[in-house]
Amino acid sequence: MNSPQYIIRNLTRKPVHVTLTIIPICVSFVGFIVIIGVRNAYDFERELDSANRLVTINRQSIIQPLAQTLPETVREIPGVNQVTYVTWFGGYFEQPDVRFAQYAIEQSTYFQVYNPVELTLAEHEMWQDEPRAVLITEQLANRFNWRVGDLVTITSTIWQQTNFDNRWQFIIGGIFSSEQADTDPNAMFIKHDFFDNNRLVGRGTLTFAVTKVAANSDIDTVQSNIDNIFANSRTPTFTSRESAFVESFQRQLGDLGFLTQLVMTIVIMVVLLLTTSSLVQSIVERRRELSILSAVGYSKLRLGSILIAEVLVIIVGAVIFALLFVQGLSLAVDQWADGSQLLKIELNALDSIWVFVVALFLGSIGSLLPLAQLLRTDLASNLKAGA
Amino acid sequence: MLMYIQIQNVSKFYRKGANRVKALEKVNLDIGLNEFVALKGPSGSGKTTLMNLIGGLDTPDAGRVLIGGKEIVHGSDRQRANWRAENVGFIFQFNNLLSFLTAEQNVEIPLLLRRMSSAERKNKVKAVLKLVGLGDRLNHKPNELSGGQEQRVAIARAIVADPCILLCDEPTGDLDKESADEVLALLRTLKESFNKTILMVTHDQHASQVADRSIILNKGKLVIDQLHSCGKLT
């Protein structure tokens with residue numbers, strides 16, 4: 001037996017007590033780790049910021065359209081590199097619950113504002129020549145087992161065709177990597193011209209415009225200039241950085257900053273309270289044992305270290321369980337949401353280390369008071385016969 | 001005889017609520033090397049207090065405790081703990097062993113404080129358990145041992161680090177006569193064959209006869225110091 005084995009043996013002698021201590025710590029860390037994972041998934045905001053893009057929507061609401069003449073006006077603003085526009089198609093495949101993102105994109109400018117995607121020559125030709133051609137991400141292709149040339153029917157919940165049918169038939173024109181195009185992993189790009197020519201209502205409008213600002217220009221100035229131009233028009237605009245635009249979508253899920261603080265507070269309270277109470281309980285319950293160990297040569301500091309090590313092992317165990325649980329949850333969510341960036345829990349090794357550091361720090365802080373109590377305890381008095 | 005333990009004018013007081021209770025008052029006592037001393041007296045006479053002072057578990061309010069001519073370190077708890085680990089082995093009346101560990105592991109505990117390989121520790125523990133007659137009970141937990149066997153494991157733990165002094169607080173108090181005799185015989189062997197200096201707190205007249213000498217405390221004062229003629233089991 002060595003010291004770590006002694007600690008483990010001590011822990012395993014009261015499995016119910018240990019389990020009941022682990023569970024609340026584990027649950028609180030699950031919450032904490034999930035929040036970290038969700039924040040990570042949204043961390044692409046920073047990458048978006050570096051892309052120097054602005055998103056313009058109708059000031060009233062994103063569901064109110066803007067005129068397709070808007071990009072032409074915006075292009076005239078100094079510092080604007082290129083402008084493209086997008087309309088939300090809002091469709092599903094076969095069943096209403098089989099949803100993914102479909103964007104009608106302005107094909108001549110979209111890939112000047114966003115990174116171009118790599119297509120084979122055949123795919124490129126089809127995308128250029130076939131009005132019904134759509135581009136899809138690799139993930140979407142795998143999900144539905146779609147191949148280039150396949151005919152697919154997407155039912156839009158927003159747009160009807162001129163024949164009053166809301167089932168739109170497209171041809172898979174190309175398959176690309178979502179990372180290349182900075183887009184949702186489950187995305188379909190429809191040609192805006194084709195979409196516009198065939199929709200029953202809303203022709204000549206768009207859902208949002210995306211402006212690429214020149215690298216040497218002040219993005220904030222361009223942002224305010226766009227809104228100033230349209231301030232007194234029929235459709236006043238609201239322009240924000242792309243990251244802020246994405247964040248507004250995230251806020252529909254909840255205020256992550258507030259949730260993080262809330263969960264962190266709960267974690268701190270739970271770990272501190274449980275560490276302190278568990279140690280105080282150990283000192284009271286095991287007074288005789290500690291006294292005997294003291295008699296054979298264990299200093300109070302060493303005894304305190306053993307007790308703290310026991311609590312830290314419990315905390316580390318709880319964190320390991322929590323991490324495993326969240327990894328499982330992450331996989332389940334990924335499968336359920338089919339890789340959507342808005343519903344994702346991303347954890348990396350550094351996060352796991354960070355969680356362990358937080359856990360061990362809190363455990364150590366929670367141990368200070370009981371340790372001080374132990375140092376003041378007169379262990380010798382417990383050694384008297386009959387004590 | 002070379003005086004190994006020297007108690008010089010030692011006084012110790014405890015606080016009990018608002019009162020100051022006298023545990024020992026100006027006690028002077030010399031115990032020789034390899035001597036087996038029985039410490040007797042009524043409850044509250046200061047026996048355990050004296051034992052704890054000699055064992056470095058407590059510090060005197062006045063006077064000095066010298067072991068081998070050197071005053072016991074009255075420094076930090078850590079220094080005193082190190083001193084105990086090197087010099088003293090304790091045996092108590094009951095609940096001596098840690099219930100969740102086997103006999104072997106209980107005996108191994110003092111050795112965890114030393115720089116020793118696992119194999120060295122195991123060999124030493126086995127040898128000591130064999131010495132106390134429990135070589136076949138290594139993997140038994142305290143609840144699988146008789147009272148006498150438990151006490152012998154406690155003795156093994158007390159001697160495994162090879163201290164010079166054994167301090168025993170009522171080691172036979174909870175045992176039947178047969179088991180008590182086994183434990184006393186073992187203590188006697190440790191004195192005679194392994195040159196241990198033994199101080200044994202006891203209420204038992206029979207147990208005290210095994211010692212070389214009896215000291216009686218009353219109300220914190222040493223009242224009788226008596227040498228025995230044979231110091232053997234009768």
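Condition first: under 21 Å from A:Ile62 (Cα atoms), in contact (Cβ under 8 Å) with a residue 24 or more places away in the chain and part of a strand (DSSP E or B). Can you find one or more residues in region A:191-202 that meet it? Scanning region A:191-202 turns up at least one residue that is under 21 Å from A:Ile62 (Cα atoms), in contact (Cβ under 8 Å) with a residue 24 or more places away in the chain and part of a strand (DSSP E or B).
Whenever a residue of region A:1-22 is more than 8 Å from chain B (Cβ to nearest Cβ), its partners that are of a type in the set (Gly, Ala, Ser), lying with C-beta atoms within less than 7 angstrom and at least six residues away or across chains, give the pairs A:Ile7/A:Ala309; A:Thr21/A:Ser278; A:Ile22/A:Gly317; A:Ile22/A:Ala318. Residues that are surrounded by fewer than 22 Cβ atoms within 10 Å (Cβ to Cβ) and in contact with a Phe, Trp or Tyr (Cβ under 8 Å, 6 or more places away or on another chain) within region B:160-171 comprise just one, B:Cys164.
Looking across region A:157-186, the residues that are outside any strand (DSSP E or B), small (Gly, Ala, Ser) and buried (at least 16 other Cβ atoms within 10 Å of the Cβ) come down to A:Ser178, A:Ala181.
Check whether at least one residue in region A:269-292 is assigned to a helix (DSSP H, G or I), among the hydroxyl-bearing types (Ser, Thr, Tyr) and within 14 Å of another protein chain (Cβ to nearest Cβ), and report yes or no. Yes, region A:269-292 has at least one match. For the criterion of being over 24 Å from A:Lys300 (Cα atoms), surrounded by fewer than 19 Cβ atoms within 10 Å (Cβ to Cβ) and within 12 Å of chain A (Cβ to nearest Cβ), B:Lys22 fails.
For B:Ala185, indicate whether it is in a loop (DSSP other than H, G, I, E, B), within 16 Å of the chain's Cα centre (by Cα) and among the aliphatic types (A, V, I, L, M). It is false that B:Ala185 is in a loop (DSSP other than H, G, I, E, B), within 16 Å of the chain's Cα centre (by Cα) and among the aliphatic types (A, V, I, L, M). So is B:Val183 surrounded by 19 or more Cβ atoms within 10 Å (Cβ to Cβ), within 14 Å of another protein chain (Cβ to nearest Cβ) and not polar (S, T, N, Q) or not? Judged against the criteria, B:Val183 is not a match. When we screen B:Leu57, B:Leu2, B:Leu50, B:Leu33 for residues that are modelled with pLDDT of 90 or more and of a type outside the set (Val, Ile, Thr), the only hit is B:Leu50. Exactly one residue out of A:Phe356, A:Phe325, A:Phe321 is under 30 Å from A:Glu138 (Cα atoms), modelled with pLDDT of 85 or more and in a helix (DSSP H, G or I): that is A:Phe325. Could you tell me which of the residues A:Leu323, A:Leu331, A:Leu301, A:Leu262 is touching a residue at least 24 places away in the same chain (Cβ under 8 Å), more than 14 Å from chain B (Cβ to nearest Cβ) and out of contact with any Leu (no Cβ under 7 Å at 6 or more places or on another chain)? Result of the check over A:Leu323, A:Leu331, A:Leu301, A:Leu262: A:Leu323. Has region A:369-376 got any residue that is at pLDDT below 85 and either among the charged types (D, E, K, R) or not in a helix (DSSP H, G or I) (or both)? Looking through region A:369-376, at least one residue is at pLDDT below 85 and either among the charged types (D, E, K, R) or not in a helix (DSSP H, G or I) (or both). Comparison of B:Thr197, B:Thr172, B:Thr189 shows that the only residue that is in contact (Cβ under 8 Å) with a residue 12 or more places away in the chain, away from chain A (no Cβ under 14 Å) and among the β-branched types (Val, Ile, Thr) is B:Thr197. Here region B:145-159 is the region considered, the condition is being in contact (Cβ under 8 Å) with a residue 60 or more places away in the chain and surrounded by 24 or more Cβ atoms within 10 Å (Cβ to Cβ), and the residue that is farthest from B:Ala81 (Cα to Cα) is B:Gln151.
For A:Asp227, all conditions in the list (1) without any contact (Cβ under 8 Å) to a residue 12 or more places away in the chain; (2) within 26 Å of A:Asn52 (Cα to Cα); (3) not aromatic (Phe, Trp, Tyr) hold save one; what is the number of the exception? A:Asp227 satisfies all of (1) without any contact (Cβ under 8 Å) to a residue 12 or more places away in the chain; (2) within 26 Å of A:Asn52 (Cα to Cα); (3) not aromatic (Phe, Trp, Tyr) except (1).
The values are calculated or read from the model by the stated rules, or taken from the named source; none is laboratory data. All values reported here derive from a predicted model rather than from experimental measurement. Neighbour counts are summed over all protein chains in view; Cβ atoms, including those assigned to glycine, are modelled from backbone coordinates with ideal geometry.
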